[in-house]
Structures are given as structure tokens and as C-alpha cells.
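Engineer: I have a structure I would like to understand better, so I am pasting it below and will then ask my questions one at a time.
The values are calculated or read from the model by the stated rules, or taken from the named source; none is laboratory data. This one's a predicted model, so the numbers in the text were calculated from it and none came from an experiment. Note: ideal-geometry Cβ built from the backbone for every residue, glycine included; neighbour counts use all protein chains shown. To get the accessible areas, we keep the full protein, side chains included, count just its heavy atoms, and leave off ligands, DNA and RNA. Shrake-Rupley method; radii C 1.70, N 1.55, O 1.52, S 1.80 Å.
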Amino acid sequence: MNKHIALIRGDGIGPEIVAQAVKVLDAVAEKYGHTFTYEEVDMGGCAIDKWGDPLPQEMLDKCLASDSVLLGAVGGPKWEGLPGPQRPEKGLLRLRSGMGLYSNLRPAKLWPQLAAASPLKPSIVEKGIDFMVVRELISGVYFGEHKTVEQDGEKVATDEMYYAEHEIERIGRIGFETAMKRRKKLTCVDKANVLDTSRLWRSVMHRLQAEYPEVEYSEMFVDNAAMQIVKDPSQFDVIVTENMFGDILSDEASMITGSIGMIPSSSLGDGTRGMYEPIHGSAPDIAGQDKANPIGTILSAAMMLKYSFGMDAEAQNIEDAVTKALDSGLRTADMMAEGCTLCGCEAMGDAVAALL
Ligand code: NAD
């Protein structure tokens with residue numbers, strides 16, 4: 001197959017980790033006889049520096065013309081003082097909405113080799129951690145109106161949280177479909193005791209529930225979910241939730257699996273073209289030092305092969321190569337443990353590519 005991939009290297013550790021994923025993709029292409037071509041796309045802080053805009057239209061167009069997008073990470077302290085619309089993260093939000101990517105899947109899976117790195121007690125970890133957070137990505141409070149006004153001599157800020165039924169239905173359906181492909185358990189996480197948007201979520205989910213009688217469906221308030229994820233994560237199979245709750249819970253879920261550097265994600269809309277990125281940020285504290293863990297990005301590339309290109313065997317091959325690299329004792333600094341061998345970002349990429 002020939003596939004054209006838009007590469008957003010981004011800021012901070014972004015260029016280092018994307019380079020490792022490309023190395024692995026090239027090794028896959030050679031092994032399986034595919035051709036992957038790449039299109040460089042500027043987004044985030046680097047695009048602000050070069051173009052004065054975190055995502056110029058021309059860059060979005062390149063993504064729309066690609067078969068899929070692979071992203072490192074964007075942002076950093078250099079651009080933090082800029083007004084909202086000009087900040088690097090705005091580029092990411094515009095990319096997600098410009099590509100119509102409403103569904104974000106983030107697996108929270110404990111690699112047995114990294115069990116010791118989980119901050120949870122062994123008695124909790126040994127029950128297993130393997131669940132998927134399905135997060136709505138292009139609506140909710142991140143996309144509502146944000147404003148700060150002067151009122152009675154002080155500043156007052158409001159952020160609007162908005163959901164339409166069709167937005168809930170399309171992500172709710174992905175929650176049910178994902179559960180059908182897994183252990184058939186779905187938990188809808190919300191704040192229905194306070195928020196109207198959550199009550200609307202529940203009513204739409206109840207309609208969908210009738211179409212998926214095989215799925216064991218339940219509902220949980222987000223504050224309880226935050227507790228349950230650390231108390232007994234083995235109870236979850238698939239969590240479906242709105243944008244902001246999903247953002248927060250999926251970071252919590254990644255932490256209990258050992259390292260934020262290990263977790264990939266996929267963002268998809270109605271077609272097969274998606275955007276794939278590790279869930280972490282640009283880690284400015286370790287940028288340019290060859291210390292970053294590239295596995296989240298490498299596994300994001302594997303998700304791209306599986307979900308956008310239908311290359312299941314190739315994706316499995318990458319996951320197996322990561323397993324072998326971890327089995328060999330190689331560890332980047334974020335997941336280093338006694339008796340293991342410390343390596344840099346590049347050496348980890350080399351190892352995974354060689355073990356394919
Ligand atoms: P972060 O995820 O960048 O870093 C949090 C901590 O995890 C840091 O100590 C970092 O060194 C470590 N870390 C992250 N990824 C790692 C990796 N692959 N290997 C080893 N260690 C890793 O979060 P932050 O510090 O809150 O944010 C930094 C910048 O990234 C901010 O500008 C933020 O807005 C941006 N950000 C971007 C994205 C994205 O591009 N999708 C997501 C989150 C944050």
C-alpha cells in the first residue's frame with residue numbers, strides 16, 4: 001500500500017519522538033512492502049515563530065490531504081504568555097475540529113514489565129489494568145464561548161459548556177461499539193447531579209443502550225470515577241465521557257500504568273483518516289536531551305496502521321517489538337527500574353525498529 005502521512009513534529013520533545021516513530025514506520029514499510037511518504041506540517045509554537053499562527057490554513061489543508069496525521073506534541077513556556085487564540089494549543093484544537101475528529105481513544109493498559117513503576121499498591125496492580133477511555137473531542141467546555149469581563153469593579157470569567165444531542169450520540173455509539181469489541185462493559189462518566197449537559201448525555205445514552213443489549217452499561221459521577229480509577233481500576237473496560245472529564249481522567253489513567261510516555265491515542269471522525277499522538281505534552285524540561293520515552297508515539301503510529309490503514313499485522317508487529325524491547329530490560333529514564341538498562345530516546349527507537 002502507498003500511504004501519505006502528515007507529520008507534525010511540533011515543539012519540545014516532539015521532533016525527537018516523531019523521528020523514532022518514523023524510523024519504526026520505515027522499518028515496517030520495508031518489511032511488508034509498503035510505501036509511506038511524509039508531509040512536514042508546522043503546528044504549535046514552531047508555527048507561531050515561523051508564520052505568526054499556530055495552524056495556518058495551508059498546514060490544515062496538508063493534513064486534510066493526507067491519509068492520516070502523526071503528531072508529537074506542541075506548546076512550551078516560550079509561548080505561554082500569548083493571548084488565547086494565538087497559543088500553540090489553539091492549533092491543536094483547530095486541527096481536531098478542522099478534521100472533524102470527535103472521538104479520542106486512549107488505552108490505559110499496564111505493561112507487566114512496568115508494574116513496579118505504577119504508583120498503586122501491588123495488591124491493586126495485580127488485578128490488572130486494561131481499559132479504554134473514549135473521550136469526546138470537539139465540543140463541551142473547551143469549544144464553548146470563553147470570556148472575561150469587568151463587573152462591579154472586578155474581573156468575571158465564564159466558560160460555556162455546550163453539547164448537542166447528535167454530538168453525544170456519535171461518541172456514545174463509539175463507546176458502545178468499542179465495548180462490543182472488548183469485554184462488553186461501558187461506563188458513562190458525567191456530573192449529572194449538577195450539569196444539564198450531563199443529564200442530556202444520560203438521556204441519549206439510554207436511547208443507545210437499547211441498541212446494545214449485550215453491553216453491561218453503567219453510569220458514574222466524575223468525582224467518584226477519579227477515585228475508583230485509583231482504588232480499583234480493574235472494574236473498568238470502556239469509559240465514555242465528555243471532553244474535559246476525558247482529558248483529566250485519561251491523564252490519571254496513564255499515570256497509574258507507570259509512565260505517561262507509554263500511552264498512545266487515536267482521534268477519529270467519520271472516515272478512516274485520523275490523527276495519532278502520544279497523550280503527553282511537549283515535556284520542555286527534558287527537550288533536546290535525548291531523554292524522552294518515544295514508545296507512546298511509536299504505539300500511536302501502530303494505532304494509525306491498525307485503525308486508519310487496516311494494517312493489523314503490522315500494528316501487532318510493532319506492539320510485539322515494544323514488548324521485546326521492554327523484556328530485554330531497556331528503559332528510558334521515566335520508567336527506569338533496578339536491574340534495567342538506561343537508554344535514550346534514539347536508542348529506544350533503534351531497538352524497537354530492530355526488533356520488528
Ligand atoms: P507534559 O506531558 O509535557 O510533561 C509532564 C511530565 O511528564 C514532565 O515531567 C515531562 O518531562 C514528563 N514526560 C512527558 N512526556 C514524556 C516522555 N515521552 N518521556 C519522558 N517523560 C515525559 O505536560 P506539561 O508539563 O503539563 O506540559 C508541557 C507543555 O506541553 C505545555 O505547553 C502544554 O500546554 C503542552 N501540552 C501539549 C499537549 C499536546 O501537544 N497534545 C498535551 C499536553 C500538554
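Engineer: Restricted to Cα positions, what overall size does the chain have along the principal axes? Three whole-Å values, descending.
Structural biologist: That works out to 57, 50, 41 Å along the principal axes.
Engineer: Continuing with this model, one more query. Report relative contact order for the chain in percent, whole number only (criteria: Cα-Cα under 8 Å, sequence separation at least 6).
Structural biologist: Relative contact order for the chain comes out at 22 percent.
Engineer: In whole percent, what relative contact order does region 197-281 give with Cα contacts below 8 Å and a gap of six or more residues?
Structural biologist: Values: 39 pairs, mean separation 14.2, N = 85.
Relative contact order comes out at 17 percent.
Engineer: Follow-up. How much area per residue is accessible in region 119-256 when the probe is 1.4 Å and only protein heavy atoms are counted (Å²)?
Structural biologist: In whole numbers, region 119-256 has 50 Å² accessible per residue.
Engineer: How are the alpha carbon pair distances in region 119-256 distributed across 5 Å bins from zero to the largest one, expressed in percent?
Structural biologist: 2, 10, 19, 20, 18, 12, 8, 5, 3, 2, 1, 0
Engineer: Using all C-alpha to C-alpha distances in region 175-278, build P(r) with 10 Å bins and read off the rounded percent in each one.
Structural biologist: The distribution over region 175-278 is 13, 42, 37, 7, given as percents.
Engineer: Let me ask something additional. How high is the relative contact order of region 172-317, in percent, with contacts defined as C-alpha pairs under 8 Å that are six or more residues apart?
Structural biologist: On the way: 187 pairs, mean separation 28.8, N = 146.
Relative CO of region 172-317 lands at 20 percent.
Engineer: What are the semi-axes of the equivalent ellipsoid for region 213-271, taken as the square roots of 5 times the Cα gyration tensor eigenvalues, largest first, in whole Å?
Structural biologist: Over the Cα atoms of region 213-271, the ellipsoid semi-axes are 18, 18, 12 Å.
Engineer: Suppose only helical runs count, i.e. DSSP H with n ≥ 4. What mean residue ellipticity at 222 nm does that imply for the chain under -39500 (n - 2.57) per run, divided by all residues and rounded to the nearest 500 deg cm²/dmol?
Structural biologist: -12000 deg cm²/dmol
Engineer: Heavy atoms only, probe 1.4 Å: what % of the accessible area of the chain goes to carbon and sulfur, would you let me know?
Structural biologist: That share works out to 52 percent.
Engineer: Going down the list K62/K90; K184/K324; K50/K90; K90/K324; K291/K324; K50/K306, which pairs span over 26 Å between their C-alpha atoms?
Structural biologist: Check vs 26 Å cut-off fails for K184/K324; K90/K324; K50/K306.
Engineer: Sticking with this structure for a sec: Arrange the peptides 80-86, 119-125 so that the one whose residues have, on average, the most other Cβ atoms within 10 Å appears first.
Structural biologist: Highest-to-lowest ranking by the protection proxy: 119-125, 80-86.
Engineer: If you don't mind, there's one more thing I want to ask. Just to check I understand the Karplus step: with θ = phi - 60° and J = 6.51 cos²θ - 1.76 cosθ + 1.60, what whole-Hz values come out for region 190-197, glycine and proline as x?
Structural biologist: Once rounded to whole Hz, the list reads 7, 9, 5, 6, 10, 9, 4, 4.
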